[in-house]
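**Student:** Take this structure first; my questions come after.
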Ligand code: FES
Ligand code: FES
């Protein structure tokens, strides 16, 4: 038996505490949600949006992220959950043509929006040029980050086309050039634990029609 800050501890109490926290961690998400609202059902809202050109209308817990809406409600599991904190880019999707981290956005903010996930970018029978280039240049290893990388890469091409500046541009008023430096900078929010960065850049430069 030992005592820290007035709380007696023993090997037994530590083990019991560990098992209790493990049990809490495995409770179904719904029980967890109800507990946090004092036993009352979580607030819900109806949302209508278009996902991969298909109109969707559903009722969700207002705390549901766009990422969870896609994965858990629509079963579009191509979009990955990496950090769930906006730091890895695995959850990148296109909303109204612009890329966003879907883990940082509540589903109810997207009423009327057009969302494109990796499933909507292309399919095995009809790959998007960016998907084909990733395959050709081995722009992946485990593939976990790849849907986010491809959605982001497609978004980057559009940003450059629209003249949206990046942090490496010296003249913010000038139309951005499609260079390897530009693309590296713009893709910096998409992490790859396998380190496929140089091959991803090769794929993007091929689609952009430039040399790395
Ligand atoms: Fe969204 Fe990592 S899961 S940024
Ligand atoms: Fe494995 Fe990027 S291919 S994390």
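The values are calculated or read from the model by the stated rules, or taken from the named source; none is laboratory data. The model shown is predicted, which means the values in this text are computed figures rather than measured ones. Positions of Cβ are generated from backbone atoms using ideal geometry, with glycine treated the same way; all protein chains shown enter the neighbour counts.
**Student:** Determine, yes or no, whether residue 71 is in a helix (DSSP H, G or I), more than 18 Å from residue 155 (Cα to Cα), more than 16 Å from ligand 2 (Cβ to nearest atom) and modelled with pLDDT of 95 or more.
**Tutor:** In short, yes.
**Student:** Same structure, new question: Mind listing just one residue for me: the one in segment 136-157 that is farther than 12 Å from residue 207 by Cβ and away from ligand 1 (no atom under 16 Å from the Cβ) and, of those, farthest from the chain's Cα centre (by Cα)?
**Tutor:** The residue in question is 138.
**Student:** Could you go through segment 159-169 and let me know if any residue there is within 19 Å of the chain's Cα centre (by Cα) and surrounded by 13 or more Cβ atoms within 10 Å (Cβ to Cβ).
**Tutor:** The answer is yes; a qualifying residue exists.
**Student:** On the given criteria, is residue 103 outside any loop (DSSP other than H, G, I, E, B), within 9 Å of ligand 1 (Cβ to nearest atom), at pLDDT 95 or above and buried (at least 22 other Cβ atoms within 10 Å of the Cβ)?
**Tutor:** Yes: the conditions hold for residue 103.
**Student:** Next up: From the residues in segment 89-100 that are outside any strand (DSSP E or B) and within 8 Å of the chain's Cα centre (by Cα), which one is surrounded by the most Cβ atoms within 10 Å (Cβ to Cβ)?
**Tutor:** 91
**Student:** Hey, another quick one. Do you know which residues across segment 106-125 are surrounded by 21 or more Cβ atoms within 10 Å (Cβ to Cβ) and outside any helix (DSSP H, G or I)?
**Tutor:** Passing the criteria: 115, 117.
**Student:** Moving on to the next point. Test residue 143 against the stated conditions and say whether it is on the phi > 0 side of the Ramachandran plot, assigned to a loop (DSSP other than H, G, I, E, B), modelled with pLDDT of 95 or more and away from ligand 2 (no atom under 16 Å from the Cβ).
**Tutor:** no
**Student:** Residue 156 versus (1) more than 15 Å from ligand 2 (Cβ to nearest atom); (2) within 18 Å of residue 78 (Cβ to Cβ): which is the lone unmet condition?
**Tutor:** Only one criterion in (1) more than 15 Å from ligand 2 (Cβ to nearest atom); (2) within 18 Å of residue 78 (Cβ to Cβ) is unmet by residue 156, namely (2).
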